[in-house]
1. For Val18, state whether it is free of Cβ contacts under 8 Å to residues at least 40 places away in the same chain, under 21 Å from Ala140 (Cβ atoms) and either buried (at least 18 other Cβ atoms within 10 Å of the Cβ) or of a type in the set (Phe, Trp, Tyr) (or both).
2. Yes or no: Ser131 small (Gly, Ala, Ser), assigned to a loop (DSSP other than H, G, I, E, B) and under 17 Å from the mean Cα position of the chain (by Cα)?
3. Consider Glu148 carefully, then state whether it is out of contact with any helix residue (DSSP H, G or I) (no Cβ under 8 Å at 6 or more places or on another chain), part of a helix (DSSP H, G or I) and loosely packed, with under 14 Cβ neighbours inside 10 Å.
4. Any idea which of (1) surrounded by fewer than 19 Cβ atoms within 10 Å (Cβ to Cβ); (2) free of Cβ contacts under 8 Å to residues at least 60 places away in the same chain; (3) over 21 Å from Gly45 (Cβ atoms); (4) not aliphatic (A, V, I, L, M) is the one His163 doesn't satisfy?
5. Only residues that are closer than 17 Å to Arg164 by Cβ and at pLDDT 95 or above: list them for the range 83-137, please.
6. Of the numbered conditions (1) without any contact (Cβ under 8 Å) to a residue 60 or more places away in the chain; (2) assigned to a helix (DSSP H, G or I), Val87 satisfies every one except a single condition; which is it?
Amino acid sequence: MPRNLSSVGVYCASSSGVDPEFAEAAESLGRLLARREIRLIYGGGRVGLMGVLADAVLAEGGDVHGVITRALEEKEVAHLGLTTLQVVTTMHERKAAMADQSDAFIMLPGGFGTLDEFFEVLSWSQLGIHSKPCGILNVAGFFDPLLELFELATRQRFLRSEHRDMVLIEPDPASMIDRLGSWTPVTVDKWLDRGRR
């Protein structure tokens, strides 16, 4: 049964990167979210892929909610043209607010912060803290090395195959949104090696 996606949390970089395909994908995703009347929840920035994404949603008349820390707002990187902008004190509050207000999550190319935020909500899904789908938009093969790491972790019994497979991987935004809407939660325990205690 399709999920009702009214909002999607997107994690992406405050840089545009080198390959122009990254910005093209962010813009395409933004337009698609607006056209499907899905609210964008993101980190509130006006620079890099974050800015491209938010501007694309807004240009199509869509709804954008940004969540940013006071420190980043004071560095003048906050996007002041959003539908709503929530300013919080800490990164922990920022991540919690984004997770609470999103029905699903997508990661676009980015660095440490992008990876950190995505893997937190992904691990919460694995642990059953929430039952929200998590997808990686693998633009221009950017995440191929990460997907190879998933395979290695599975072979080495750090990941169950069911948990590896619960991460949705798509190269284009339309396929990603469709798969987020049809996702079903995984109900298998993570590796704990109980017999070795």
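The values are calculated or read from the model by the stated rules, or taken from the named source; none is laboratory data. Only a predicted model underlies this, so the values are computations on that prediction, with no experimental measurement involved. Neighbour counts run over all protein chains shown; Cβ positions are idealised from the backbone, glycine included.
1. When the stated conditions are applied, Val18 does not pass them.
2. So Ser131 passes the test.
3. Yes: the conditions hold for Glu148.
4. Only one criterion is unmet by His163, namely (1).
5. Hits for the range 83-137 are Phe105, Met107, Leu115, Phe118, Phe119, Val121, Leu122, Pro133, Cys134, Gly135, Ile136.
6. That leaves (2) as the condition not met.
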